[in-house]
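The values are calculated or read from the model by the stated rules, or taken from the named source; none is laboratory data. This one's a predicted model, so the numbers in the text were calculated from it and none came from an experiment. Because the Cβ atoms are built from the backbone with ideal geometry, glycine has one as well, and the counts that use them run over all protein chains shown. Each accessible area value is taken on the protein alone, full model and side chains, heavy atoms only, with ligands, DNA and RNA left out. Shrake-Rupley method; radii C 1.70, N 1.55, O 1.52, S 1.80 Å.
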Amino acid sequence: MKDATKRSIVRWLHILASIPIAGYIYSPFKELPNYAPIVRYIAIPAIVLSGLWMWKGHALRRLISKGAA
């Protein structure tokens, strides 16, 4: 798989994982308890991990490849 394809997949995962946050922000106040666990335990970690991977993934891959050699 090409690097551009991998970046595109991670980028779309990042964008799609942020959709529940919009629902959390714009939902009526009485609906917030329904969205809170999804946003806290699934969406935020997915967004943070994919963002870190897009930002510093090259450094992590370099560390992993040096450790394996």
Self-check item: Anchor residue 66: lysines whose Cα lies under 26 Å away (excluding residues fewer than 8 positions away in-chain)
Solution: 2, 6, 56
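Can you give the calculated 222 nm mean residue ellipticity of the chain, where each DSSP H run of n ≥ 4 adds -39,500 (n - 2.57) and the sum is split over every residue, rounded to the nearest 500 deg cm²/dmol?
After summing the helix terms and dividing by the residues of the chain, the value is -25500 deg cm²/dmol.
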Quiz item: What are the ³J(HN,Hα) values, in whole Hz, obtained from phi via the Karplus relation 6.51 cos²θ - 1.76 cosθ + 1.60 with θ = phi - 60°, for each residue of the range 20-33 in sequence order, with x given for Gly and Pro?
Solution: x, 5, 4, x, 5, 6, 9, 7, x, 4, 6, 8, 4, x
Quiz item: What does the accessible area per residue of the chain come to in Å², with a 1.4 Å probe and no ligands, DNA or RNA counted?
Solution: 83
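Taking the Cα centre of the chain as origin, sum charge times position over the Cβ atoms of Lys and Arg (+1) and Asp and Glu (-1), and report the length of that vector in debye to the nearest 20.
Here the chain has a charge dipole of around 400 debye.
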Quiz item: How many nm is it between the label spots at residue 27 and residue 4, if each spot is 7 Å from the Cα in line with the beta carbon?
Solution: 3.9
Practice problem: Inverting the mean 1/r over all pairs of different Cα atoms, compute the Kirkwood radius of the chain and quote it in Å. | Solution: 13.7
